[in-house]
Amino acid sequence: MKQVLFVLLVLFGSIGMTIGQKTISGKITDPSGETLIGANVIVKENPTVGTITDVDGMYQLTLPVEAKTLIMSYTGYESQEIAIDGRAIIDVVLSQGKLLDEVVVVGYGAQSKKDVTGSISKVKGDAVATLVSPSFVQQLAGRSAGVQIQNTSGILGSAPRINIRGINSISSGTQPLVVIDGVPAITGDIGGFTPANALGDINPNDIESYEILKDGAATAIFGSRAANGVILITTKKGVKGKASFTYDANYGSASALRLYDLLGAEDFVTIQNEKYKNAGANPVANLQTRPDGSIVETDWQDLVFRSGTQQNHSLSVSGGVDRTNYFVSFGYSDLEGISVANSLRRYSFRSNLETKVNSWLTAGFNSGVTRQENFGPLTGSNNLSGNIFGTIRMLPNVDAFNTAHPTGYNIDLINPRSLGRGANNDVVANGIPNQLFVQLNDRRASKSWRLLGNAFLQAQLSKDLSFRSQIGIDGTYVDDFIYQDARHGDGFGANGSISQAFSPTTRWNWQNILTYNTSFNNSHNLGVTLVQEYQKQTASFYQSTVQNISDVYFQENIITGTFATPLASGDFEQNGLASYLGRVNYNYKGKYYLSASMRRDELSALAPDNRVGYFPGASFAYRISEESFWDGLRDVVSDFRLRGSAAQTGNTNIGNYPYVGSFGSALYGSQNGISYSNFGNDLLKWEAQTKLDFGFDLGLYNNKYTLSAAYWIQDNDDIILQAPTAPSLGIPNNFINQNIGRVKGQGIELTLDAVILDKGDFKWNSSVNFSTQGNEVLKLVAGQDIITNYNIIREGESIRALYGFEYVGVNAANGNPIYETYNRDASGNITETILVQGNIQNQTYYVYNPANPTELSTVRALNATRDRKVLGSAIPTYFGGFDNNFSYKGFDLNVFVRFSGGNKIMNRTRADLLSQSFNNNGSEILGRWQSPENPGDGQTPRLFLNRDAFTNNPDFASTRWVEDGSFVRLQNVSLGYTIPASKLKILNLSGLRVYVQGQNLITWTKYTGIDPETSTNFSTSAGFGEDFNGNPQQRVISGGLRLSF
Amino acid sequence: MKTFNIQNRILSIFFLTFFLTFMSCEKEVTELEPVDRITEALAFSTPARVELSMVGVYDAAQSGFYAGGAVRGYPFGAANVQQGDMRGEDMLNVAAFYAITYEANYNTASANNVFMWHTLYNTINKANIIIEGVASAVSSGVLTEAKAKEYEAEARFLRALSHHELLIHFARPYKHTADGSHLGVPYRTVAVNTAAKLEAEVVKGRNTVAECYNLLLEDLNFAEANLPATRTGVLKVTRATTAAASALKSRVMLHKGDWAGVIAAGDKITGYSLTASPDGIFTNNSGNTESIFSIENSANDNPGVNGSLPNMYGVAPGRALIAISPIMFNIPSWLQNDLRRTLLISEAGNGFFTKKYTRVATQEDFNPILRYAEVLLNSAEAHARNGNTAKALELLNLVRNRAVTNAADQFGAASFANAKDLLNAILFERRIEFLAEGRRWADIHRLGLDPDFNTGGIPSKVAFGNTTKASWGFGLNYANGQYTGSRTIISRPYEDFRFLWPIPQDELNTNEVLRGQQNPGY
């Protein structure tokens, strides 16, 4: 703190020492005539003398005797040096910077792109604004190197996963920090009963740019929150001049990219009866014939999926008058999901206002208010009413409706919890409910208000020194609702239930930023930033659940007096962060760059002795192309720069009180209690991540082609690990939070931008990005593997690699599954492979004798400790995107392809589709072994009722289910036409573009599941790469227009 | 430039005020104590908190976590009953839900056996933490010595109950070796709440079964001596009492084959009597004369729709996933006019179900863990084994005649040719009386090597897929006391490795000692 004051005093003291002699004044504008406010004017010969332009772009300066030349500069524009030549008035037009001269938002400030030393990807808001999707996040996928975005479900409210430069923690958070207009935002899924993506609150049309900070140099300034990278989002601002009005609309239709391939009625009956027959039981399945002689056949997927209409509208007005500029907007989205129970509606309002109070003080108020209403089905992978779990099991030989049941749906008249049995002798396995009834009658909603805003005061203390104080609030206020109908489904047992929960999460963030930027001798450029930041988040919820409801009529809300059983619950948690940080940037003539930063963070989630962490960062860059010896090359290599950085960052995403040994609430029937709930660890300290990054930027032929390349290493040490403990010790949740664990990642990133063709009216720009990410676990608690159902964390392997058995296939002689088992030496190396066959009849494994395949004599277990091995990486090892923009006269065409690969997926859904219970199956089951003469596909064993656990072994991964997850996806094709301005004059419009586009059009993959990106399990404590009854992805075909005047 | 100077002065005052405000902010954002949990240091700081912590151990016994987050009544909220029944042949698995247990198809990762292990040991550690906590509360003057002993007794009762449940699933019965020297389970008596204790405990392997029984009885003797004789209100049934300790001791002695011990434990219990009607304890869970110890469930806190007894066993609106097997339902020696047939069975479209748990909408049925009828039948068996057939018959009739009210059907001394016949009747009476209460597996287990009454391991069972409503009928498919209907779920002889559950894979992954002590065959 003292340092800040000291700097202030020194700077205050140094002002006002110049001796005036002659004044000069003038106006600075951009090429379009817009005045530039706050542009710098300094005297070249005495850089301590200078001023900035006022709101009218005017400046006035008293010149010292030595003054001969003025330097005019403005962020994002090219600086100009102008000889005074005795003039009293000099007006200047500054031109906008070249390609490399873009302004890039960085942590706590902005820099010219050519001066940025860190690894930052920028995506312009317009690139994604017109794409129909539930949130902008989905559309960032494939658009920048090193940033992997995985859309894991076609359910509209689900939050995509964002991984910047791989996975950097084992038990703690892996998602990046998102900062919106300087305020760290709440991200992730905020819905309780149905997913609601917090970032879906942001209207994509309001976004000016996204900057993705990847390496240490760029992220170190965010210190403890930077381990997973940072995404900075800047919303639009008004520009001085006449008001402009923009209207965007698009309208589209969404359909499932792919659905499950299920059995029809006839195959179903054959397969089910074979299950029974092989188990020695009486067949139960029968085709049902209607009175008119037709056979009942129901395509359940056709009933529960649909093609949904989706529309977005966005209106904005922006401009600037006098000292004030403004941007106000309204957005409305109404999206129907491809699941009949899924929809999303969003209303968003934004108002960004900035005003120059006087020559030195600017005030700004940015606020966004969003209402998001999500409805969705139950999607639990293993819930009897889960939409995929249920749908793939619904019997195809019964009707969905039945007038004999009071509800009109086909519900079993004997077992009212179950789908009706039709002509079958039994109900569906586990008596699961009619999925259509569930989706159309049970309702799950997450309705939220989001308030995201900040207010700031910015004072120009001198021409070099400015101070900004900003307070930001991010609040999500979520109302969750679930109604479960009394007549059928999950609400049947409780005679109807309604749960309502209110979950407010409020985060405030206060920053004081002091920025000092100066140039001297016209060659040394120095920038210093000092920041204080405090943040506190409070999250709470309270929930009421009522059961035994008097009448299904009362289903919109909990109504007093309509229920017999009231229940309540709630919780309250907080966390906070106090930080001080400083950064120094220096460059010499735009040739040599040095930058260093240091941040001190104090985090409430750690024990008092370990709360404080220090996070340093440093970087350099060397623009070789500025050297004089480069002169001859400059026609070809217009820009060449080397850069590198090193930093330490941390991870605050470790839960709120992980170190506290504590007793949580523990109700026993009607008796209040508390019980041991967390194993305390006072020694818990910061996760420390060391980031190294080396790269170069290359511009060819006047930057017609640019190439950026980077190699990065992220060494994550002292990772907080939920180290598993032996369950027989009875430690709560069977883990201890410990700082033991080290994971190292590295990768290469390449971005190539090229103007491929520029001939007259025809232009073709192309951009390719390609990234690799590798990852290795270096250290674990006592070297001990951490094994979850399908994954392993093992030293020397990639994090949470898939882990399971080697499946050999089906014994053609008897239909039994064959696996490899091993003998191992003392250090675990395989010394011998012995095949075993699992005898389905008595559920015992025997050594497989190829000479006599039906021999069942030597028992040898398939042993999960001994016989499993690593089956592949669960994380893609490479990914990227290929973006092409063509234009011809008024037409523009965009073709965007992205790809990802190198990973394996545990296709757990496939095991479900081959279930041995009385329910529907995937068509793969038709390849089952039937007899030695008819051995099927060699992979699918003999059927046997209820022997899933033995026949399919779905509790463990095996090479039978683990598949290659590589894919190439034609993500977007859009064709637009911009109507020439001349024709718009009559309509008084300044711009009109109409377009059609298709998203998610084609996917090329060998993966046999519903989609290689569909994933149901990604929590850091569970596993990666598991696809277990995931929801299909949507394909959207839409058309739209953008008009402005 | 002069204007700058004036501005600066104003500003510097402005900023100084800002900074000072902020300095006081720092503590407010970083020194945050949880408000939704009590820190370890405070859990035993007042008598009221000690009481809350004690209740917390019962909570662990009632609603441990299944598969990460769901509460399905593990271990004693409901799951011990379901697993105990599904391992036997008298109840019938209707759906795929319990198929793995029912068909003995478990592996080291199958959820039922894994979470039984997890939640039982979780209960045990919480009990050990109470024992350690009350000792510290005595030394800090929060509790009297006497009160501390009472809490310790409660904790040791729950510790014994949990270890015994582990023994019947994960270890061979006491009689497997002459001296009980075969592997039991690790008997944990140390509170594991620090890194040091963790390291010391994890190297302790499985105790022998004899050691386990000695420790069980030590715990129960302490509990018997220090628990209150009775409690008031709902606590009389839902919290441990002297009688609960004695009743559990009677059960443990029975498993050990210490007949005198069974009788002695049973004789200590006073103040309890059978309810007038066989459904008495089910219609009134907390206010009856027979329940000695039950796990409490309430509308607010219960094993949920996928675990609660009324949902799993009850007909619609229950989920009716466990039926009474025709093996038991059809058996003619369970007399047709037995009140337990008329009062405690309900009929559904696809079979017959128990009516012991009926509160489907609220799921608040208590889980009966120990009741007086069991004590009587334990003693009856012990007397019969010791040759005191008269006393044995008297005790058997106490239980049986409540339901078999027709004098002509009641047993007299002449009903049995010898003690073996009488014992057969006593053992059969247990199957009827405790049907759908999860006791079947415990009996199959302890009788595994009994020369006269063993069931030949896990008996073969009826597959629901082979039944229709017509498969149920009194006397149907019975000849010479044997069920002749199809029993396609094959039997597993006592010697089969599946007679025992495997130690879970995650235990093997994290515990080097137990990795070498897995039950053979897995």
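Please treat every number below as a calculation from the coordinates, not as lab data. This structure is a prediction, so every number in the text was calculated from the model and none was measured. A quick note on method: Cβ atoms are made from the backbone with ideal geometry, for glycine too, and the neighbour counts reach across all protein chains shown.
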### Query
In whole percent, what relative contact order does the range B:460-513 give with Cα contacts below 8 Å and a gap of six or more residues?
39
### Task
Treating the Cα atoms of the protein assembly as shown as identical point scatterers in vacuum, please give the log10 of the normalised Debye intensity I(q)/I(0) at q = 0.04, 0.08 Å⁻¹, two decimals.
-0.31, -1.09
### Summary
For the range B:434-520 the GluC sites (Glu not before Pro) that pass both the DSSP coil test and the at-most-10 other-Cβ-within-10 Å test are B:E495
### Message
Can you give the local net charge around A:Q555? Use residues other than it whose beta-carbon is closer than 10 angstrom to its beta-carbon, Lys and Arg +1, Asp and Glu -1.
### Response
-3
### Computed Kirkwood radius, in angstrom, where 1/r is averaged over Cα pairs of the range A:678-776
17.4
### Query
Hey, if you put +1 on the Cβ of every Lys and Arg and -1 on every Asp and Glu Cβ in the protein assembly as shown, which of A:T505, A:N557, A:F694 ends up farthest toward the positive end of that dipole?
A:F694
### Query
Per 10 Å bin from zero, what fraction in whole % of the C-alpha pairs of the range A:309-461 is there, up to the bin with the longest pair?
10, 25, 19, 14, 12, 9, 7, 3, 0
### Message
As a test, work out the antiparallel percent of DSSP beta bridges whose residues both lie in the protein assembly as shown, rounded to the nearest 5.
### Response
95
### Message
Residue by residue through A:945-951, how many Cβ atoms from other chains fall within 10 Å of the Cβ on average?
### Response
6
### Query
If you put +1 on each Lys and Arg Cβ and -1 on each Asp and Glu Cβ, how big is the dipole of the protein assembly as shown around its Cα centre, in Debye rounded to 20?
1460
### Query
Going highest first, how would you order B:411-417, B:31-37, B:157-163, A:826-832 by mean Cβ packing within 10 Å?
B:157-163, B:31-37, B:411-417, A:826-832
### Task
Please give, to one decimal in nm, the separation of the simple spin-label points placed at A:L361 and A:V636, each 7 Å out from Cα toward the Cβ.
5.8
### Task
Output ³J(HN,Hα) for the range B:252-260: one whole-Hz value per residue in order, computed from phi by the Karplus curve 6.51 cos²θ - 1.76 cosθ + 1.60 with θ = phi - 60°, and x for Gly and Pro.
5, 4, 4, 5, 7, x, 9, 5, 4
## Note on the structure
Within the under-10-Å Cβ sphere about A:N885, not counting A:N885, Lys/Arg +1 and Asp/Glu -1 give a net charge of -1
### Task
Would you please name the trypsin sites (Lys or Arg not before Pro) within the range A:574-614 that are DSSP coil residues with at most 14 other C-beta atoms within 10 Å of their C-beta?
A:K589
### Query
Label-point separation (nm) for A:T48 and B:N454, each offset 7 Å from Cα along Cα-to-Cβ?
10.3
### Query
Under unit Cβ charges (Lys, Arg +1; Asp, Glu -1), what dipole magnitude, rounded to 20 debye, does the range A:918-998 have relative to its Cα centre?
760
### Query
Given Cα pairs under 8 Å that are at least 6 residues apart, what percent is the relative contact order of chain B?
18
### Message
Rounded to the nearest angstrom and ordered from largest down, what semi-axes does the equivalent ellipsoid of the range B:321-376 get from its C-alpha gyration tensor (root of 5λ)?
### Response
21, 18, 10
### Task
Over the whole of B:36-47, what's the average partner chain Cβ count within 10 Å per residue? Rounded to a whole number, please.
5
### Task
May I ask you to work out the translational diffusion coefficient for the range A:706-844 at 37 °C, viscosity 0.692 mPa s, via Stokes-Einstein with Rh from the Kirkwood sum over Cα pairs, reported in whole µm²/s?
164
### Query
Around B:W117, what is the net charge, scoring Lys/Arg as +1 and Asp/Glu as -1 over all other residues with Cβ under 11 Å from its Cβ?
-3
### Query
Given a cut-off of under 8 Å on Cα pairs at least six residues apart, what relative contact order in percent is computed for the range B:96-210?
25
### Message
I need the calculated FRET efficiency for the pair A:V239 and A:K763, taking r as the beta carbon distance and R₀ as 22 Å, to the nearest 0.05.
### Response
0.30
#### Entry: Cross-link table B:K175/B:K461; A:K27/A:K114; B:K126/B:K197; A:K242/A:K985; B:K149/B:K204, entries beyond 19 Å C-alpha to C-alpha
B:K175/B:K461; A:K27/A:K114; B:K149/B:K204
### Summary
For the range B:115-124, Karplus-derived ³J(HN,Hα) couplings (6.51, -1.76, 1.60; θ = phi - 60°; whole Hz; x for glycine and proline) come out as 7, 4, 4, 4, 6, 5, 5, 5, 4, 4
### Summary
Protection proxy (average C-beta count within 10 Å per residue), highest first, orders A:717-727, A:858-868 as A:717-727, A:858-868
### Task
Filter the GluC sites (Glu not before Pro) in the range A:579-664 down to the DSSP loop ones having no more than 15 other Cβ atoms within 10 Å, then list what survives.
A:E627
### Task
Using per-residue counts of other Cβ atoms within 10 Å, averaged over each peptide, order A:142-150, B:399-407 from highest down.
A:142-150, B:399-407
### Task
Just check the range A:267-382 against the gyration tensor rule for me: Cα atoms, a ≥ b ≥ c as the square roots of the eigenvalues, rounded for a/c under 1.5, and otherwise prolate or oblate depending on whether a/b exceeds b/c.
prolate
### Summary
Diffing the range A:174-180: the Karplus 3J(HN,Hα) column from phi (6.51, -1.76, 1.60, θ = phi - 60°), in whole Hz with x for Gly and Pro, holds 10, 9, x, 7, 10, 10, 10
### Message
Counting only other chains, and only Cβ atoms inside 10 Å, what mean value do you get across the residues of A:572-585?
### Response
3
### Query
Quick one: if you stick a label point 7 Å off each Cα along the C-beta vector at A:E776 and A:S931, how many nm between them?
5.5
### Query
When averaged across all projection directions, what area in nm² does the alpha-carbon convex hull of the range A:617-740 cover?
12.5
### Message
Show me the three semi-axes of the equivalent ellipsoid for the range A:886-1045, from the C-alpha gyration tensor (sqrt of 5 times each eigenvalue), largest first, rounded to whole Å.
### Response
49, 16, 14
### Message
Beyond a 20 Å Cα-Cα separation, which of these cross-linked pairs lie in this structure: A:K22/A:K589; A:K889/A:K983; A:K237/A:K447; A:K759/A:K889?
### Response
A:K22/A:K589; A:K237/A:K447
